[in-house]
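Report on the structure given below.
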Amino acid sequence: MSSPVMHSAHHAPTGFIRRYIFSLDHKVIGIQYYFLAVFSVFLGMALSVLMRFHMVYPDAKVSFFEKLWPTGAPGGIMTPELYLSLMTMHGTIMVFFVLTTAPQSGFGNYFLPIQIGAEDMAFPVLNMLSFWTTFLALIVMVAAFFVPGGPPLAGWTAYPPLSAVGPLSGPGEGLGQTFWIISIAIFCGASLMGAINFIATTIDLRARGLSMMRMPLTCWSWFVTAILGLLGFAVLLAAGVLLLLDRLAGTSFFLPAGLMVNDQILNHKGGSPLLWQHLFWFFGHPEVYIAILPGMGVASQLLATFSRKPIFGYRAMVYAILGIGFLGFFVWGHHMFMSGMNPYSAFAFSILTMSIGVPSAIKTFNWIGTLWGGRIQFTTAMLFALGFVSLFVTGGISGIFLGQPALDLYFHDTYFVVGHFHMIMGVAAIFGMFAGTFYWFPKVTGRFMNETLGKIHFYLTFIGVYCIFTPMHFLGISGNPRRYADFTNFDFMGKLMPIHTFMTHAAIGTMVVQFIFLFNLFWSIKKGKPAPINPWNATTLEWTIPSPPPFDNFAGKHPVVNHGPYEYSVPGAPKDYIMQSDPA
Amino acid sequence: MLLGPVVWVLTLVICYFFLGHYWWFPPPISQHGQAYDAQFTATLWVTGIIFFLAQIALGYVIIKFRDRGGTARYSHGNNVLEVVWTSATAVLFIGLVLAGTRIWAAVHFEEAPADALKIEVMAKQFAWSFRYPGPDGKFGKTDLKQVNDQGGNPFGIDDKDPAGKDDITSASIKVPAGRPVELIMRSRDVIHNFFVRELRLKQDIVPGMEIPFHFQADQVGTYEVPCSELCGLGHHQMRTTLEVMAPADFQKWLQEQAAQK
């Protein structure tokens, strides 16, 4: 029962640098990750609005485009290569620096130790290193915007040969692509550090009485997500090194013989572009579960809290998280149905892909089951959790089409795919982050966020994202390919422009609405209504300590857990909730 | 509580647009296309009903179980329900993919019929080229060093190989209706993808691989072909057409091309 962390918990840190910059405190590190994600999401959103603008007004002259990108937008008109670069950076920044940071390393870092009754993570120094390494990765990624040639244009998936032969294959494929790979490799290192920390902490530092099957579902999701990260990011790192070698050292891991790019015959031999896809998606599929599992944990936590009911089927929910995590390693080929890989393996991957739909469905049914018979309180946090369920259903459902290779014969690389992953990652996962923010803000700051602003932001965003991303499915059914800078070269796409225009307007409007959230977040830190230490009458351990918590969380005490995580409305109990550390 | 009706309205609007087929597939031009559409429709009904019921249920619980005082029902779940809805989901999802396997098998497990018309496809940044074997029925060897796009030799047909002398090169692909066609797909530089909406078919074209792909088009017409794998700055301009011709017209075209050599 000894804590590896005990020796560092004897005294609170002093000095500005030690307290706020190179802090070893998991709470400070969690906040650092969170704000890194907030910065990244606004950057990623700005890129997406530029993209949507260009798709609908490809010939528009915008003078500030020329100021920012003189070669990419001469005369203020965005070139297709600039569009593709913005698209590449949009996807990369959102997937890595938003969805792989805040849900896991932001909320998880802050609340995993507290929810299991620990003073800090198992390895506080490693924790600090993991944040600053992530920060370094972000610096390198942003630097890719400013290097000669500009940012890469091969998409966040960086398929070779496009990404492997250097500037021959397109602008941005020189230094920009190299910086991209280096940034991702650094990010992999940071993620591996974080994953080790989360796993060790969960296994080793749980309070007395907190068995695994008494852990809040947030802790389960952070734990399984960390395992996915450990195994997945290791492979991505290897792939990135191989790609860098192909680009810089003349190797041919991904490059076959007989290449003639831009009229130049290349001297490579023996490599396979498909190898990159296997390696990338072996990481890439677990990655999307890394992006969504923490949000599912938060949804479960909030639905129980604000329905005043235990989660429906806690055991099934745990098995579903484990099932999603485990099966998630065996479905990567569904990103490659059309790739030229063996069609028999496509069949195998599709059976496994459909199987993953089963634990996801279990979770959805159980969320609705949790609400059934409840006493639902519509705080902003709860609204976002409910919105998460709706968006998860919508986004997940389109996966049933894409998981069938027979149907993928049409839908691969169309907007149907873009709609699917945006609904699930670009919205449901983000709603998980919003929900967590409103829920835990009172614990972190001792103040509430403003509920009126929160509700306005919620409703406008909820309707806004449905308006942006549902029409993409109709574009996909019409056969509109993805990653097109504009749609002016094809007759059949001309008829689809009204949909694109509608989506662009919805995107601009929804982006503007996000500033309500940003204002609410910063304003409430200083001016929010003061909150008691357990404003939601919730049961988990974070609600037993002061807001904000002392540097070692439990002020030297070791909580003992006697109850499960969601004992709400227990018949015969004096209150409608029993805290986990209440007497047995 | 307002969220309940909001979810219902969004659900109804979405269902309305899906049922109304406002922006939809173009009509299919092959038997594969018809089989595809049947599988899509089956999937749409299954998922549509699940989507509808799940969202309506969500809206319903939001409205019915809003806090009006009283006590919530203390329950940790219901194992029977879990087993029932888990099994139902598994049967439906796996059933769907098994039903579609016949379609996938017909495209990819079976080889092209022996009498299929062979056409070579060559994709490069940012144009398509197609090659027919000509009257001798044989494709000439190719040599990368003899590639000459401006001079009309995108395939790099080797001028030392007599079999290549009568090969017909075209920037668009023409096929006879009602006859199986086998494409042999190659790329010179990066990954591209050949997609014809009306055929309901697409295939990545990967450098270093020669990928066979067969289909049969039954309806005369001209159909746009958009490259469907990101290939660089000209990806959105990489267009060609598939022209399906009456067999007699196709023969005439072939003969005209041969005569010009």
HN-Hα J in Hz across region A:212-222 - Karplus 6.51, -1.76, 1.60, θ = phi - 60°, x for Gly and Pro: 4, 7, 10, 6, x, 5, 4, 5, 4, 5, 5
Mean Cβ neighbour count within 10 Å, used as a protection proxy, ranking A:505-512, B:3-10 highest first: B:3-10, A:505-512
- line: Here the percent of antiparallel bridges among DSSP beta bridges lying wholly in the protein assembly as shown, to the nearest 5, is 70 percent
- line: With only helices counted (DSSP H, runs n ≥ 4, each -39500 (n - 2.57)), the per-residue ellipticity at 222 nm for chain A, to the nearest 500, works out to -19500 deg cm²/dmol
- prompt: By DSSP, what percent of the beta bridges with both residues in chain B are antiparallel, rounded to the nearest 5?
  reply: 70 percent
Environment charge at A:L322 (Cβ cut-off 13 Å; Lys +1, Arg +1, Asp -1, Glu -1): +2
- line: In degrees rounded to 10, the 0-90 angle between helix A:80-92 Cα long axis and the longest Cα principal axis of chain A is 20 degrees
Förster radius 35 Å - calculated FRET efficiency between A:V512 and A:M213, Cβ distance, rounded to 0.05: 0.20
- request: Tell me which residues come under 5 Å, amide H to amide H, from A:T414 once H is placed; ignore anything under 5 positions away on its chain.
  value: A:R482
message: For the pair A:A249/B:W45, report the inter-label distance in nm, with labels modelled 7 Å from Cα in the Cβ direction.
response: 5.7 nm
Inter-chain shielding of B:65-72 (mean C-beta neighbours from other protein chains, 10 Å cut-off): 6
- prompt: Label A:F330 and A:F39 with points 7 Å out from Cα along Cα→Cβ: what is the distance between them in nm?
  reply: 4.2 nm
- request: List every residue whose amide H lies under 5 Å from the amide H of B:I119, counting only residues 5 or more places away in sequence or on a different chain, with H placed 1.01 Å from N in the peptide plane.
  value: B:E182, B:L183, B:I184
message: Quick check on region B:86-131: take the gyration tensor over C-alpha atoms, sort the square-rooted eigenvalues as a ≥ b ≥ c, and tell me if it's rounded (a/c under 1.5), prolate or oblate.
response: oblate
message: How would chain B be classified by its alpha-carbon gyration tensor: rounded, prolate or oblate, with rounded meaning a/c under 1.5 and the a/b versus b/c comparison settling the rest?
response: prolate
message: My understanding is that a pair violates if its Cα-Cα distance is over 26 Å; which of B:K145/B:K174; A:K443/A:K527; B:K145/B:K252; A:K309/A:K455; A:K455/A:K557 do that in this structure?
response: B:K145/B:K174; B:K145/B:K252; A:K455/A:K557
task: Would you kindly state how much longer the chain becomes between B:T241 and B:V83 on full extension, computed as 0.36 nm times their sequence separation minus their alpha carbon distance, in nm to one decimal?
output: 51.8 nm
query: Which chymotrypsin sites (Phe, Trp or Tyr not before Pro) from region B:18-125 combine a DSSP loop assignment with at most 15 other Cβ atoms within 10 Å?
result: B:Y22, B:W24
- prompt: Using a ≥ b ≥ c from the Cα gyration tensor of region B:117-259 (square roots of the eigenvalues), is it rounded, prolate or oblate, where a/c under 1.5 gives rounded and otherwise the larger of a/b and b/c decides, a/b for prolate?
  reply: oblate
query: When ranked by the protection proxy of mean other Cβ atoms within 10 Å per residue, highest first, what sequence do the peptides A:310-321, A:107-118 form?
result: A:107-118, A:310-321
field: Between 0 and 90°, nearest 10: helix B:247-259 axis offset from chain B longest Cα axis
entry: 40 degrees
query: What are the ³J(HN,Hα) values, in whole Hz, obtained from phi via the Karplus relation 6.51 cos²θ - 1.76 cosθ + 1.60 with θ = phi - 60°, for each residue of region A:338-350 in sequence order, with x given for Gly and Pro?
result: 8, 6, x, 6, 3, x, 5, 5, 4, 4, 4, 4, 6
- prompt: Share of antiparallel DSSP beta bridges in region B:117-259, in percent to the nearest 5?
  reply: 70 percent
task: Compare the peptides A:56-62, A:130-136 by average per-residue count of other Cβ atoms within 10 angstrom and give them in order, highest first.
output: A:130-136, A:56-62
- prompt: Hey, what does the equivalent ellipsoid look like for the protein assembly as shown, semi-axes from the Cα gyration tensor as sqrt of 5 times each eigenvalue, largest first, whole Å?
  reply: 50, 29, 23
Modelled FRET efficiency - R0 51 Å, A:D576 with B:D249, Cβ distances, 0.05 increments: 0.05
Averaged over A:392-398, number of beta-carbon atoms from partner chains that fall within 10 Å: 4
Cα-derived Rg over Rh, computed across region A:145-248 with Rh taken as Kirkwood radius: 1.19
- line: A correct Karplus calculation of ³J(HN,Hα) over region A:508-525, with 6.51 cos²θ - 1.76 cosθ + 1.60, θ = phi - 60°, whole Hz and x for Gly and Pro, returns 5, x, 5, 5, 4, 4, 5, 5, 4, 4, 4, 4, 4, 4, 6, 4, 6, 4
- prompt: In region B:50-141, what trypsin sites (Lys or Arg not before Pro) fall in a loop by DSSP, with at most 11 other Cβ atoms inside 10 Å?
  reply: B:R68
- prompt: With labels modelled as points extended 7 Å from the Cα through the Cβ direction, what inter-label distance (nm, one decimal) is found for A:F502 paired with A:K67?
  reply: 3.5 nm
message: Under the rule of at least 5 residues apart or a separate chain, name every residue whose amide H is placed under 5 Å from the amide H of A:F254.
response: A:S272
query: How well do other chains shield peptide B:31-38, expressed as the mean number of their Cβ atoms within 10 Å of each residue Cβ?
result: 1
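Bear in mind these aren't lab numbers, they're just calculated from the coordinates by the rules spelled out. The structure presented is a predicted model; accordingly, all values stated were derived computationally and were not measured. Using ideal geometry, Cβ is built from the backbone for each residue, glycine included, and neighbour counts are taken over all protein chains shown.
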